[in-house]
1. Just tell me the longest site-free run in chain A, where the sites are chymotrypsin sites (Phe, Trp or Tyr not before Pro) in a DSSP loop having at most 16 other beta-carbon atoms within 10 Å.
2. Could you tell me which of rounded, prolate or oblate describes segment A:37-139, using a ≥ b ≥ c as the square roots of the eigenvalues of the alpha-carbon gyration tensor, with rounded for a/c under 1.5 and, failing that, prolate when a/b is larger than b/c and oblate otherwise?
3. In segment A:218-268, which GluC sites (Glu not before Pro) are in a loop and have at most 15 other Cβ atoms within 10 Å, using DSSP for the loop call?
4. Once segment B:32-79 is represented by equal point scatterers at the alpha-carbon sites, with solvent omitted, what log10 I(q)/I(0) does the Debye formula produce at q = 0.13 Å⁻¹?
5. Give me the tail of P(r) for segment B:5-219 as a percent: Cα-Cα pairs with distance above 28 Å.
6. Placing unit charges on C-beta atoms (Lys and Arg positive, Asp and Glu negative, everything else neutral), compute the dipole magnitude of segment A:156-282 about its Cα centre in debye, rounded to 20.
7. Placing one identical point scatterer on every Cα of segment A:3-232 and ignoring solvent, what is log10 I(q)/I(0) from the Debye formula at q = 0.14, 0.17 Å⁻¹?
8. Quick check on segment A:129-194: take the gyration tensor over C-alpha atoms, sort the square-rooted eigenvalues as a ≥ b ≥ c, and tell me if it's rounded (a/c under 1.5), prolate or oblate.
Amino acid sequence: MALEVEIEKRAGDFHLQTAFTCGQELLGILGASGCGKSMTLKCIAGIEKPDRGRIVLDGRVLFDSDRGISLSPQKRRVGCLFQNYALFPNRNVRQNILCGLQWEKDRARRENEAGRVIEMLGLSECEKLYPAQLSGGQAQRTALGRILVNRPELLMLDEPFSALDTHLRLKLQMELLNLLKDFGKPVLMVTHDRDEAFRMCRRLGVMERGRMLAVKGTRELFADPESRAAAVITGCKNIAAAVKTGEYEVFVPSWNIHLCTDRPVGDHLTAVGIRAHHFSPSETRNRFRMRVIREMEEPFEWVSEFRTEGQDSESPAVWWRYARELRPDTMPEYLGTAPESVMLLYG
Amino acid sequence: MTDWYPLWNSLRIAAISSVIVFFAGIFAAFYIARLPRIVKGFLDVVLTLPMVLPPTVCGYVLLLLFGSKRPLGSFLAQHGIRFVMTWYGGIIASAVVAFPLMYRTARGAFESFDENLAWAGQTLGLSNSWIFWHVRMPACRQGILAGVVLSFARALGEYGATSMLIGYIPGKTATVSTTVYQLWRTNDEAGALFWVLVNLAISFAVLLTVNLLENRRKKA
């Protein structure tokens with residue numbers, strides 16, 4: 001049970017060049033809009049044709065430019081949940097789900113299966129409603145039901161929650177995870193939302209300008225994004241150019257501080273990143289003098305901007321976030337950060 | 001007793017040419033949208049030309065094609081098909097003139113179609129022709145329908161190309177519009193006025209239908 005992708009496609013200035021595999025898991029592809037995530041999904045679905053490469057699903061060749069194979073989307077058995085759910089507007093919920101069941105020739109069994117899925121997805125009350133009358137959640141479940149009855153060998157989710165209100169998102173993310181638990185086939189999810197990616201996926205790939213930068217475990221990726229682009233997309237606010245000064249030490253010129261690291265520094269280091277949450281006044285390692293220049297209160301956190309002593313005046317202020325209850329009476333003069341919080345970025 | 005032949009002839013010519021134009025228009029609109037930009041631009045101009053040319057120019061070109069001494073015309077005549085001075089020649093004339101209306105409205109409707117719907121259908125294993133007739137056409141039906149009604153109205157009111165290709169033979173090729181001209185030319189003002197009123201009534205009804213369709217489309 002695995003998907004292997006290795007494709008290349010040029011479209012104008014854009015150059016997509018990506019390779020990854022996805023087992024029986026939920027693999028997230030995280031990237032800013034226009035990075036080529038949706039294009040990748042379209043290539044796998046057969047809607048777009050790559051210039052070159054190979055796509056194999058469970059040993060079934062979907063696309064192979066060398067052997068001149070390119071199956072039609074109809075023959076690929078790849079389910080795709082579109083961003084706007086793409087429900088057929090002139091059909092109600094039940095009829096939309098029946099569209100996924102045309103492979104079943106027996107009418108009674110078709111109706112049975114549709115009924116079962118409608119029940120399972122909790123769509124019984126709205127099965128006669130048309131897409132325009134559905135809530136975001138109902139529309140998503142209908143689209144998912146239409147795909148599931150089609151028995152795909154691979155499921156792809158294209159920004160599945162971006163059309164929903166924020167307060168609904170979390171709920172539907174849990175629902176979807178629960179539904180996918182028994183799916184038992186590879187699932188690819190594309191998103192630009194790092195929280196969503198972190199919550200839903202055990203493994204993540206980061207895409208930037210048509211390239212897959214890193215594919216690894218979600219926690220490892222957030223702890224060690226390796227590249228500047230991956231650090232940015234995983235939400236790291238403080239990134240500054242840095243040079244290696246020792247086996248376990250770097251110097252950040254714009255902040256004018258030396259930092260110890262928990263792992264050996266590579267020779268081609270270009271920058272370091274420190275997440276806004278990873279500064280603390282009580283941390284004794286990597287201590288530096290600083291001055292808070294702006295503060296903002298949030299419901300559960302404080303956000304401060306500070307400048308280190310001797311910070312280059314051209315460089316942007318550094319972000320620091322901490323829980324409300326940790327707010328000291330007087331602002332500290334020193335902050336520190338643990339060596340494992342210093343993310344080493346290469347390129 | 002009024003001779004209703006011109007109305008009957010006009011209606012059947014308009015109806016049949018609308019059917020032809022319907023299929024030709026959606027076919028052209030669907031496939032031309034997929035062509036490379038340069039080819040698309042060129043074909044777009046060629047197919048829209050009958051809308052801006054004087055109908056007499058269209059009639060002239062049709063006579064060049066179907067005249068009995070021309071290669072195509074004489075070939076067809078050998079098989080008993082004659083588009084010059086026959087009522088069904090009017091179908092050709094009306095269809096050519098009405099085609100751009102159908103083509104352009106259908107193209108506009110197809111362009112506003114959400115392509116994700118077609119892709120969703122394809123990934124569900126639905127055939128392309130099923131998607132076309134069961135998803136794309138219903139989603140675009142208001143626009144397509146408006147195109148059909150407009151081209152029907154245009155075909156009904158066709159005068160220039162029709163009169164050049166099929167002339168005016170009472171009881172044979174006479175249509176409402178050629179009858180108006182013929183009666184006026186022969187000083188039968190009352191007769192001409194009668195057919196003018198018939199024409200007005202039909203056109204009014206047709207345009208009202210178009211407006212109703214457009215309002216429904218805006219609401220949808």
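Here, each number is a calculation from the coordinates, and none is a lab measurement. What you see is a predicted model; the values in this text were computed from it and never measured. Neighbour counts are summed over all protein chains in view; Cβ atoms, including those assigned to glycine, are modelled from backbone coordinates with ideal geometry.
1. Longest gap between qualifying sites, sites excluded: A:1-102.
2. On the way: a/c = 3.10, a/b = 1.88, b/c = 1.65.
Verdict is prolate for segment A:37-139.
3. When the GluC sites (Glu not before Pro) of segment A:218-268 are filtered for loop state and at most 15 Cβ neighbours within 10 Å, A:Glu247 remain.
4. Reported log10 I(q)/I(0), two decimals: -0.48.
5. Numbers: 8530 of 23005 pairs.
Pairs farther apart than 28 Å: 37 percent.
6. On the way: 17 positive and 16 negative charges, 29 e Å.
Once rounded to the nearest 20, the dipole reads 140 debye.
7. Each listed q corresponds, in turn, to -0.91, -1.27.
8. Working: a/c = 1.80, a/b = 1.18, b/c = 1.53.
Verdict is oblate for segment A:129-194.
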